[in-house]
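Engineer: Questions regarding the structure given below will be posed in turn.
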Amino acid sequence: METLIEKGKTRVAGWFWLCPVRHILIAVSALFLAAYFGLRHNAGLMAAICGGFVRPYHRFMARLTGHLSFSAGELIIVIAVLAALDYTVIFIIGLVKRPEKRKRTYRFCMTCLAAFGLIYSGFCLFWGVYYYTSDFEAQSGIRAQPLSVSQLETVTRYFTDLANDYGNQVQRDENGLFAESIGVYFDHSTTLYHAAEEQLPCLTGDPVRAKPFFFSLVMSYIDFTGFYFPFTGEANINIDAPECLIPATIAHEQAHQRGVAQEDEANFCAVLASLTDADPVYCYSASLLAYIHLSNALYSADYDAWAENYQRLTPEVRADLDANNSYWQRFKTPVRSVSNTVYTGFLQSYGQTLGLKTYGKCVDLLVTYYYDLAAAAADESVSK
């Protein structure tokens with residue numbers, strides 16, 4: 001019996017020493033993830049980690065990478081993908097031409113597992129902790145309230161009119177489509193949140209420029225308009241997408257850059273920051289973003305009210321919305337479906353139980369925050 005145990009220990013030790021560093025990295029990642037998932041509901045601890053380490057790290061990295069004209073995050077991703085492809089090709093060639101196939105396969109699997117463990121652990125530390133600290137509602141005091149269909153219609157009409165008004169103030173091409181210079185609104189992203197920060201200190205961040213993503217077409221195929229890369233503190237933007245919504249996407253990703261984790265809250269912050277900033281290009285884009293979310297909700301709640309609001313849109317605004325819909329229709333592929341499934345699972349792993357459908361809260365926040373303004377605008381319109 002002792003001989004069998006000793007042989008077993010020897011065999012385990014033999015596998016371990018095939019790739020000891022990989023095994024150690026896997027063990028460290030497993031321990032970290034176990035601690036994270038076991039302690040993530042301890043709000044005080046998560047807040048301490050976020051405020052004492054994660055947030056300062058993000059601000060430092062945002063300032064550091066802000067000096068670069070390109071996205072450091074994109075460079076890291078490209079290098080990682082090329083390295084992974086290269087390693088996989090080398091493994092396959094070695095598997096065919098060289099002996100010890102079991103050992104080579106084992107090392108390859110351990111490498112993949114170690115890489116996944118480290119990357120996922122990094123996301124949990126540098127991004128996941130935000131989901132378990134005070135959210136934007138708690139920090140800002142702006143809390144979504146139950147809304148009626150009448151309130152939803154009032155605010156939808158308000159943003160319909162805003163989109164019309166600001167839509168007349170932006171540059172358009174010969175086809176009547178949004179045609180502002182992309183460089184201008186990327187440059188303006190450094191000061192976009194200044195006015196909002198004075199109103200809501202919880203949105204304070206560093207004046208850094210959002211980054212256009214070179215491989216933006218790839219982002220379109222996986223249904224991303226932009227993403228925040230927590231390892232480098234950068235807001236990365238898909239510039240292949242229709243330009244009319246790119247300013248709103250910049251504002252959305254910069255909300256993430258300021259610690260607003262939830263997608264629906266980041267959408268609300270994008271609208272609030274853009275309208276508070278008062279730049280016509282950002283105001284138009286944000287009004288379109290708000291209109292899309294509000295009108296989708298109104299479509300389900302009251303089709304006739306939705307149709308009436310849609311008819312109020314100017315031909316130019318409708319053209320921009322149609323161009324946006326047509327663009328994304330091109331990317332309804334299996335790749336997009338897989339990407340959405342993976343990303344939904346990613347969000348759900350952080351307790352976002354509705355996955356990609358968490359955007360409903362954006363509507364509640366918009367109606368709660370803008371209803372008084374919308375109601376006053378409606379009364380003024382009636383009095384005229």
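Engineer: Of everything in segment 220-247, what is free of Cβ contacts under 8 Å to residues at least 60 places away in the same chain and more than 12 Å from the chain's Cα centre (by Cα)? Give them in sequence order.
Structural biologist: Ile239, Asp240
Engineer: Looking only at residues in segment 157-181 that are acidic (Asp, Glu) and more than 15 Å from Leu313 (Cα to Cα), which one is most open to solvent (accessible area, probe 1.4 Å)?
Structural biologist: Our first condition is that a residue be acidic (Asp, Glu); within segment 157-181, this holds for 161, 165, 173-174, 180.
Then drop every residue that is not more than 15 Å from Leu313 (Cα to Cα), which leaves 173-174, 180.
Values: Asp173: 55, Glu174: 164, Glu180: 39 Å².
Per the criteria, the residue is Glu174.
Conditions (1) within 18 Å of Arg157 (Cα to Cα); (2) touching a Leu at 6+ places or on another chain (Cβ under 8 Å); (3) part of a helix (DSSP H, G or I), marked per residue:
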| position | (1), (2), (3) |
| --- | --- |
| Ala266 | no, no, yes |
| Asn309 | yes, yes, yes |
| Asp322 | no, no, yes |
| Tyr327 | no, no, yes |
| Phe331 | no, no, no |
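Engineer: Every residue in segment 302-313 that is open to solvent by less than 30 Å² (accessible area, probe 1.4 Å), over 20 Å from Ala248 (Cα atoms) and within 30 Å of the chain's Cα centre (by Cα), please.
Structural biologist: Scanning segment 302-313 gives a single hit, Asn309.
Engineer: Is there any pair with a first residue in segment 146-170 that is over 13 Å from Asn309 (Cα atoms) and a second that is part of a helix (DSSP H, G or I) and open to solvent by 60 Å² or more (accessible area, probe 1.4 Å) whose Cβ atoms are under 7 Å apart and which are 6 or more apart or on different chains, and what are they?
Structural biologist: Final answer for the pair search is Gln151/Tyr371; Gly167/Glu316.
Engineer: Return the residues of segment 182-193 that are part of a helix (DSSP H, G or I) and loosely packed, with under 14 Cβ neighbours inside 10 Å; say none if nothing qualifies.
Structural biologist: Keep residues of segment 182-193 that are part of a helix (DSSP H, G or I), which gives 182-190.
Selection gives Gly183, Val184, Asp187.
Residue by residue, here is whether (1) within 18 Å of Gln254 (Cβ to Cβ); (2) in contact with a Pro (Cβ under 7 Å, 6 or more places away or on another chain); (3) assigned to a helix (DSSP H, G or I); (4) open to solvent by less than 40 Å² (accessible area, probe 1.4 Å) holds:
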{"position": "Phe60", "(1), (2), (3), (4)": "yes, no, yes, no"}
{"position": "Arg63", "(1), (2), (3), (4)": "yes, no, yes, no"}
{"position": "Ala84", "(1), (2), (3), (4)": "no, no, yes, no"}
{"position": "Ile92", "(1), (2), (3), (4)": "no, no, yes, no"}
{"position": "Phe116", "(1), (2), (3), (4)": "no, no, yes, no"}
{"position": "Tyr131", "(1), (2), (3), (4)": "no, no, yes, yes"}
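Engineer: Moving to a separate point now. Pairs needed: first member in segment 184-205, on the phi > 0 side of the Ramachandran plot and at pLDDT 95 or above; second member anywhere, hydroxyl-bearing (Ser, Thr, Tyr) and open to solvent by 50 Å² or more (accessible area, probe 1.4 Å); C-beta distance under 6 Å; at least 6 residues apart or different chains.
Structural biologist: From segment 184-205, no pairs qualify.
Engineer: Related question: Name the single residue, out of those in segment 7-56 being over 30 Å from Leu203 (Cβ atoms) and not in a helix (DSSP H, G or I), that is modelled with the lowest pLDDT.
Structural biologist: Trp17
Engineer: Any residue in segment 40-63 that's more than 12 Å from Gly259 (Cα to Cα): show its pairings with residues that are assigned to a helix (DSSP H, G or I) and open to solvent by 60 Å² or more (accessible area, probe 1.4 Å) at Cβ separation under 6 Å, as long as the two are six or more apart or on different chains.
Structural biologist: Cβ pairs passing all conditions: Leu45/Leu39.
Engineer: With the checklist (1) farther than 29 Å from Gly176 by Cα; (2) crowded, with 22+ Cβ neighbours inside 10 Å; (3) not hydrophobic (A, V, I, L, M, F, W, C) in hand, flag the one item Glu197 doesn't pass.
Structural biologist: (2)
The values are calculated or read from the model by the stated rules, or taken from the named source; none is laboratory data. Given the structure is predicted, the values throughout are model-derived calculations rather than measurements. Note: ideal-geometry Cβ built from the backbone for every residue, glycine included; neighbour counts use all protein chains shown. Ligands, DNA and RNA are excluded from the accessible area calculation, which covers all protein heavy atoms including side chains. Shrake-Rupley method; radii C 1.70, N 1.55, O 1.52, S 1.80 Å.
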